[in-house]
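Since every read-out is calculated from the coordinates, none of them should be taken as a lab result. Every value quoted in this text rests on a predicted model; they were computed, and no experiment measured them. Glycine gets a Cβ as well: all are built from the backbone with ideal geometry, and neighbour counts include every protein chain shown.
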Amino acid sequence: MAGWMWLRCVFGPHLQRIHRDPTSTWMTAHIARMAFNYQPGNLEKHTDSILGWASALWYLSYCSSPVLLCYLYGKGYICSTKLAPVSQYVATTLLCLLGVACLRGWGRWKNPQYVKFISILDEAKKNPSPENKKKLKCYTFDFSHWPADFSWSEVSNPKATKAGVSLLKHKPRGTTDAALRSVRTLPCHVISFLIVHTFGRRMLYPGSVGLLQKAMRPMLQQGMAKLIEQYGGQRNKLVACDGNEIDTMFVDRRDGGGSNGRTLVICCEGNAGFYEVGCMNTPLEGGYSVLGWNHPGFGGSTGVPFPQNEANAMDAVIQFAVHKLKFRLESIIIYAWSIGGFTASWAVMSYPEIQSVVLDACFDDLLPLALKVMPDSWRSLVQYTVRQYVNLNVSEQLLKYQGPVLLVRRTRDEIITTTGPEDIMANRGNDLLLKLLQFRYPNIMSYEGVCVVREWLQASTPVAEASVYSAYQVDDEWCESILLSYKKDNDATVDSDVVFPWNVGEKMLIKERQQLALFLARNHMRNFETTHCTPLPASEFRMPWVL
């Protein structure tokens, strides 16, 4: 028995923090309330440091292996006579690291806290009862060892198969024969594949880089502790249809949280964001129930953040919210920041019953932003690569949704702009708003309507915004009455909504269409005077406008 426990300690997970124990008796309640970081002994601490450095060196070697192999080949080191000593050196190193791991296991075995934890983990895996899982939630450790709490296969979901959920595919222009086109674009296809699977994906999602996550680990652990100990967060592992494990955090406010607590806000983070320190805090401060999740390859989530994997993960999160957490789709709001707009727009496109969506600092399409950071000579290659592998077509997906939408534009945004933060008209959030309004209200957003909305979008301060609004003498009550009248006249039944696009404004004067265009623009977009990465205050998190 002792040998088996030592072996479990050798291959067990890294324990990070111990939270309050819900099984403690009243006599030790004052001690149990004290959460603390796990303190390893000297032997475990030093051996763990050695293994950590070895892991970092292996990661660097792996990333630089193409360049390293070319260099060694040029120097003549890759030959049978010189590879034999290298293989012996590698074997010796691995044997030494195995010895270090055994010593670390010995150190853990001598630590009563770790032995208690590993016993609870083993029991939870053998018998995943609510009581055992409740005990396990008192520990924060390597998420790869966490037992799954929900799988996509547990429910009947026609949207998901083992091949993944459906995405809007880019259709290349032209009528060229498909076989001929595929042969002609084969070199471009190979280069694009290599770009995306090496530096391209890491540039797009820097949060998936292992070294960055190691550097952020203390901050992430602190954020995790706050969510669990201060807000009563529940960490769960979801298994998506592609087999990726998704790391999630749920804060339940339905009991005693007021009216907001009965609404669930699902948060979609940015390309370097984690739920531990990301946009989850904004709706939490507003009193909502909140479900955060990490992109594939971020934090405890496995996989890589390609569009298909992202959509698969989002689908698992929504199914978990509905079937395990027991929220109705009509009580769910999707809140996204930056690149999270892709999964948010996919969610509302695929689940149109969702109450509403809030997109903060989001763009309409990745391609213009990708062209901005790459050389002009690469234009064709960049366009092909984005459309084939990372086609984050936010606006195209958002137009499929019929519900309320709110866009938050950062007036000094330096990330989703094609020139710089000084040019507010280069912010791709403007294009997202225009595409949405032009689709939903094509007659109002004619040439004159687009011009006046562009004039309003140039306003970077509340004073300038109000000046444009008053210059066109916009009467909010009149605008709302026109839209309500159209809606009433075109509703098929009392409970149904008129499907966009609307034909309202077809016979109006130019001035009236301009007033309606400004009214709609202001109700679909709010300005926030700050940069891209500034956290959104809870006071700026508002529900989208509903007619």
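Annotations for the structure displayed:
- Take 238-244, 222-228 and order them by the average number of nearby Cβ atoms within 10 Å per residue, most first; the result is 238-244, 222-228.
- Cross-linked pairs LYS45/LYS133; LYS487/LYS511; LYS169/LYS326; LYS133/LYS214: Cα-Cα separations exceed 24 Å for LYS45/LYS133; LYS169/LYS326; LYS133/LYS214.
- Per-peptide average of other Cβ atoms within 10 Å, ordering 450-457, 153-160, 190-197, 407-414 highest first: 407-414, 450-457, 190-197, 153-160
- Between LYS45 and LYS372, the contour length at 0.36 nm per residue exceeds the alpha carbon distance by 113.1 nm.
- When peptides 529-542, 509-522 are ranked by their average number of other Cβ atoms within 10 Å per residue, the highest-first order is 509-522, 529-542.
- In order along the range 98-111, phi translates into HN-Hα couplings of 5, x, 5, 4, 5, 5, 5, x, 5, x, 5, 4, 7, 9 Hz, rounded to whole numbers, per the Karplus curve 6.51 cos²θ - 1.76 cosθ + 1.60 with θ = phi - 60° and x for Gly and Pro.
- Fraction of beta bridges assigned by DSSP in the chain that are antiparallel (%, nearest 5): 40 percent
- Candidate cross-link partners of LYS126 among the lysines, defined by an alpha-carbon separation under 17 Å and a same-chain spacing of 8 or more, comprise LYS116, LYS134, LYS135, LYS137, LYS237.
- Per-pair calculated FRET efficiency, R0 = 56 Å: ILE191 and GLU540 via Cβ, rounded to 0.05: 0.85
- Cα-centred dipole magnitude for the chain, charges only on beta-carbon of K, R (+1) and D, E (-1), debye, nearest 20: 1980 debye
- Electrostatic tally near GLU245: other residues with Cβ closer than 13 Å to its Cβ, Lys and Arg +1, Asp and Glu -1, net -2.
- Toward the positive end of the charge dipole of the chain, with +1 on the Cβ of Lys and Arg and -1 on the Cβ of Asp and Glu, the farthest Cα among CYS96, VAL115, ILE246 is that of CYS96.
- Selection from LEU407, SER151, LEU509, by position along the positive dipole direction of the chain (Cβ): SER151
- Per-residue Cβ neighbour rank within 10 angstrom, fewest leading, LEU220, LEU433: LEU220, LEU433
- Each part gets one Cα centre, and for the range 439-472 versus the range 302-332 those centres are 36 Å apart.
- Principal axis dimensions, largest first and in whole angstrom, of the chain by Cα: 85, 71, 45
- FRET efficiency, LEU57 to TYR384 (Cβ-Cβ, R0 41 Å, nearest 0.05): 0.70
- Of every Cα-Cα pair in the range 404-547, the percent that sits beyond 18 Å: 58 percent
- Proximal aspartates and glutamates relative to LYS125, as straight alpha-carbon distance under 17 Å, when same-chain residues fewer than 8 apart are discounted: ASP142, ASP149, GLU245
- Close amide-amide hydrogen proximity is noted between LEU392 and LEU366, each under 5 Å apart and 5 or more residues distant or on a separate chain (H modeled in the peptide plane; Pro and chain starts excluded).
- Between the range 189-210 and the range 101-175, the Cα center-to-center distance that results, in Å: 26 Å
- Normalised by the number of residues in the chain, the mean separation of alpha-carbon contacts (under 8 Å, six or more apart) gives a relative contact order of 11 percent.
- Looking at the range 188-397, the DSSP beta bridges with both ends there are about 40 percent antiparallel.
- At an R0 of 30 angstrom, the distance between the Cβ atoms of THR419 and THR198 translates into a FRET efficiency of 0.60.
- The mean sequence distance of close C-alpha pairs (under 8 Å, at least 6 residues apart), as a share of the length of the range 290-341, puts its relative contact order at 19 percent.
- Zone of CYS451's modelled label, taken as backbone nitrogen in the range 498-521 under 20 Å from a point 7 Å along Cα→Cβ: 505-521
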